[in-house]
1. Given the protein chains as shown and a 1.4 Å probe, how many square angstrom of Arg59 are accessible, to the nearest 10?
2. Would you mind calculating the gained length between Asp46 and Arg122 on full extension (0.36 nm times residue separation, minus the Cα-Cα distance), in nm to one decimal?
3. Would you mind getting me the FRET efficiency between Asp22 and Asp89? Use the beta-carbon distance for r and R0 = 25 Å, nearest 0.05.
4. Taking R0 as 25 Å, what's the FRET efficiency between Val67 and Ala39 from their Cβ-Cβ distance, rounded to 0.05?
5. Obtain the nm distance between the two label points defined at Phe13 and Thr75 by a simple spin-label model: each point lies 7 Å from its Cα along the Cα-to-C-beta direction.
6. Take every Cα-Cα distance within the chain, group them into 5 Å bins from 0 onward, and report for each bin the whole-number percent of pairs it holds.
7. How would Glu15, Glu27 rank on accessible area, largest to smallest, probe 1.4 Å?
8. Per residue, how much accessible area does the chain have with a 1.4 Å probe, in Å²?
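The values are calculated or read from the model by the stated rules, or taken from the named source; none is laboratory data. These figures come from a predicted structure and were not determined experimentally. Cβ placement follows ideal geometry from the backbone for every residue including glycine, while neighbour counts extend to all protein chains displayed. The protein model used for the area step is the full one, side chains on, heavy atoms only, and it has no ligands, DNA or RNA in it. Shrake-Rupley method; radii C 1.70, N 1.55, O 1.52, S 1.80 Å.
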Amino acid sequence: MGYAMSVTTGLGFDEAVAATRDALSAEGFGVLTEIDLAATLKSKLDADLTPYLILGACRPPLAYAAVQADASIGTLLPCNVVVRVDGADTVVEAMDPGLISQMSGGQALAEVTGDARERLTRVLDAVAAR
C-alpha cells in the first residue's frame with residue numbers, strides 16, 4: 001500500500017493551489033500551515049526545486065475526535081497536502097489517513113481516519129475535475 005493519494009492535473013501551479021484551497025474549504029478543512037519548500041531549499045541550500053508547496057490542512061472536528069481516540073495522534077497532524085510541479089503537470093497529493101489507523105489499530109481512530117480519507121479523496125477528485 002502506498003502512503004500517498006494523488007491526482008495529476010493540467011492546471012498551472014498557482015491555479016492548482018487555488019483549486020486545492022477551495023476544495024479543502026468545501027470539505028471543512030482550514031489551512032493552518034504553509035511551507036514553500038522550493039523557496040526554503042533555495043534560501044537554505046541554494047538548491048533549485050520546481051514549485052513545491054506543503055499545506056497543513058485541519059478539520060477541527062476530525063482533529064478533536066482523533067485526539068480523543070489517541071492523545072499521541074498530534075505527531076501525525078495536520079493532514080499535509082502537497083501541490084508540486086512535475087514536468088508539464090501539477091501533482092496534488094495527500095498522505096493516506098488510512099495509514100494512521102493501521103498504525104494505531106484502534107476502532108475509534110479508524111472511524112476518524114476513514115472520514116478524513118473520504119474527504120481528502122473528494123478534495124483530490126475536485127482538483128482533478130477542474
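1. The value for Arg59 is about 50 Å².
2. 23.7 nm
3. Rounded to the nearest 0.05, the efficiency is 0.85.
4. 0.20
5. Each label point is offset 7 Å from its Cα along the Cβ direction, giving 3.3 nm.
6. P(r) over the chain, rounded to whole percents: 2, 11, 20, 22, 18, 13, 8, 4, 1, 0.
7. Glu15, Glu27
8. Computed with neighbouring chains in place, this is 54 Å² per residue.
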